[in-house]
Amino acid sequence: MGSFAQAVGTAPAIPEAKPQGAIPMLKMPTAMGWEPGEKPAVAAGLKVTPFALKLKHPRWAYVLPNGDVLIAESAGIPGTPKNVRDYAMTGQTKITAPGRTLMEMKPGGHWTRNIIASKDGSKLYVAVGSESNIAENGMAAEEGRALIFELDLTTEKHRVFASGLRNAVGMAWEPTNGSLWTVVNERDGLGDETPPDYLTSVKDGGFYGWPYSYWGQTVDDRVPQDAALVARASTPDYALGGHTASLGLCWLPEGTLKGLPGGMVIGQHGSWNRSKLSGYKVILVPFSNGVPTGTPIDILTGFLADDEKTSHGRPVGVAVARDGALLAVDDVGDAVWRVTAA
């Protein structure tokens with residue numbers, strides 16, 4: 001593990017940048033899926049069972065107040081993926097109506113749009129990734145990108161909540177102080193561990209560096225600079241290692257799964273551009289007094305073959321069901337896995 005273990009935590013040792021040129025290293029395992037009866041490996045004291053199989057490239061899970069579980073599939077709803085829509089459902093198991101557009105956004109680049117509702121249900125927070133790696137096409141092309149919007153559902157007006165987030169994906173609320181947290185996929189082309197993807201609290205009006213700097217105020221020399229923005233760039237709370245493609249995020253209350261502390265569960269989709277692959281697992285980052293602490297705990301592993309040539313699955317969204325089970329979405333295995341006490 002070496003440097004990978006060092007580039008994790010609240011004070012990571014991030015190696016010096018080694019620019020790799022316009023085309024980064026490519027190392028992508030062949031997607032094989034799971035054979036009948038196969039499943040991921042699970043932490044001691046827990047068990048994993050299929051919650052749903054034979055889905056169509058599932059990506060996300062949402063648990064409704066009544067306990068119903070919604071699964072978002074990449075091929076599930078026709079239409080452009082760039083916008084935010086709402087849909088009326090009354091007893092259906094699948095969405096069939098076209099929906100109503102709440103926000104129009106640019107297509108291309110990081111094309112997924114992740115959402116989370118405020119606790120009172122009056123607002124949506126919408127994560128939008130960048131159009132490019134380091135704004136190679138200019139900052140005009142990045143307008144409305146690399147940020148989190150706040151959308152008022154009453155007025156249908158939106159504003160920038162936080163910016164400088166290259167590709168913020170999953171979001172979750174930390175319950176002790178009510179803060180919003182996200183996982184961010186950082187830039188490519190500077191080495192295996194540089195910079196690390198990260199987990200961070202998101203402050204209203206906060207700026208997190210992209211594209212000018214990373215991990216706070218470490219300048220990316222490949223980018224034309226804005227010294228004023230770099231000066232106010234916030235340092236993320238917790239490094240997750242380089243290129244882990246950390247996507248899913250949910251809060252796991254202490255005591256929900258036997259033997260595990262409270263903290264943030266993260267679905268790591270896995271790397272494609274480093275010499276030794278990283279991610280390809282579901283982890284827990286322990287929290288204490290509202291902030292991350294200690295080292296990550298592996299919950300689900302075994303998605304990647306030992307020789308790194310094939311993958312059975314790749315974790316994406318994570319959620320806690322009303323009965324306390326942890327649900328982990330797998331878009332290569334076309335499955336949702338359910339983790340409970342053994």
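Counted by Cβ distance under 9 Å from HIS57, the other residues give a net charge of -1, where Lys and Arg count +1 and Asp and Glu count -1.
Give me the net charge of TRP181's neighbourhood, meaning all other residues with Cβ under 10 Å from the Cβ of TRP181; Lys, Arg count +1, Asp, Glu -1. Kindly include the intermediate steps, with their values, before the conclusion.
Details: positive: none; negative: GLU174, ASP237.
For residues surrounding TRP181, the net value is -2.
Filter the cross-link list LYS39/LYS281; LYS54/LYS106; LYS56/LYS281 down to pairs whose alpha-carbon distance in this structure exceeds 23 Å. Pairs exceeding 23 Å: LYS54/LYS106. Packing, as the average of other Cβ atoms within 10 Å across residues, places the peptides 326-335, 47-56 in the order 326-335, 47-56, highest first. Among 132-140, 238-246, 250-258, the peptide with the highest mean count of other Cβ atoms within 10 Å heads the list, and the full ranking is 238-246, 250-258, 132-140. Going by the alpha-carbon gyration tensor, a ≥ b ≥ c the square roots of its eigenvalues, is the range 196-342 rounded (a/c under 1.5) or, if a/c is not under 1.5, prolate (a/b greater than b/c) versus oblate? Since a/c reaches 1.5 but b/c is at least a/b, the shape of the range 196-342 is classed as oblate. Taken about its Cα centre, the chain carries a charge dipole of about 580 debye when Lys and Arg each add +1 at the Cβ and Asp and Glu each add -1 at the Cβ. The slack between ALA231 and SER122, meaning 0.36 nm per residue of separation minus the straight C-alpha distance, is 35.9 nm.
Hey, what number do you get for the chain at 222 nm if only DSSP H runs of n ≥ 4 count, each worth -39500 (n - 2.57), divided across all residues, to the nearest 500? Intermediate values should be presented prior to the final figure.
Values: 2 runs with 9 residues, N = 342.
Dividing the helical sum by the residues of the chain leaves -500 deg cm²/dmol.
Residues whose amide H falls under 5 Å from that of ALA52, counting only those 5 or more places apart or on a different chain, are VAL336, with hydrogens built in the peptide plane. Full extension of the chain between ASP306 and ALA141 yields a length gain of 55.4 nm, computed as 0.36 nm times the residue separation minus the alpha carbon distance.
Here the label points at LYS56 and ALA342, each 7 Å from Cα along the C-beta direction, are separated by 3.9 nm in the simple model. Other residues with beta-carbon under 15 Å from the beta-carbon of GLY294 carry, at +1 per Lys or Arg and -1 per Asp or Glu, a net charge of -3.
Each part reduced to its alpha carbon centroid, the range 32-62 and the range 256-292 end up 17 Å apart. Extending 7 Å from the Cα toward the beta-carbon at both SER275 and TRP173 defines two label points whose distance is 4.5 nm. Would the range 301-341 count as rounded, prolate or oblate if I go by the C-alpha gyration tensor, calling it rounded below 1.5 in a/c and otherwise prolate when a/b exceeds b/c, oblate otherwise? It comes out prolate by the Cα gyration axes. Here the Gaussian network model covers the chain, with springs between Cα atoms less than 10 Å apart; of SER288, SER271, SER163, SER288 fluctuates the most.
Placing unit charges on each Cβ (+1 for Lys and Arg, -1 for Asp and Glu) gives the range 121-225 a dipole about its Cα centre, and among PHE207, GLY191, VAL223 the Cα reaching farthest toward its positive end belongs to PHE207.
Values in this text are rule-based calculations from the coordinates and carry no lab data. Please read all numbers here as calculations on a predicted model, not as lab measurements. All Cβ positions, glycine included, derive from the backbone under ideal geometry; neighbour counts span all protein chains shown.
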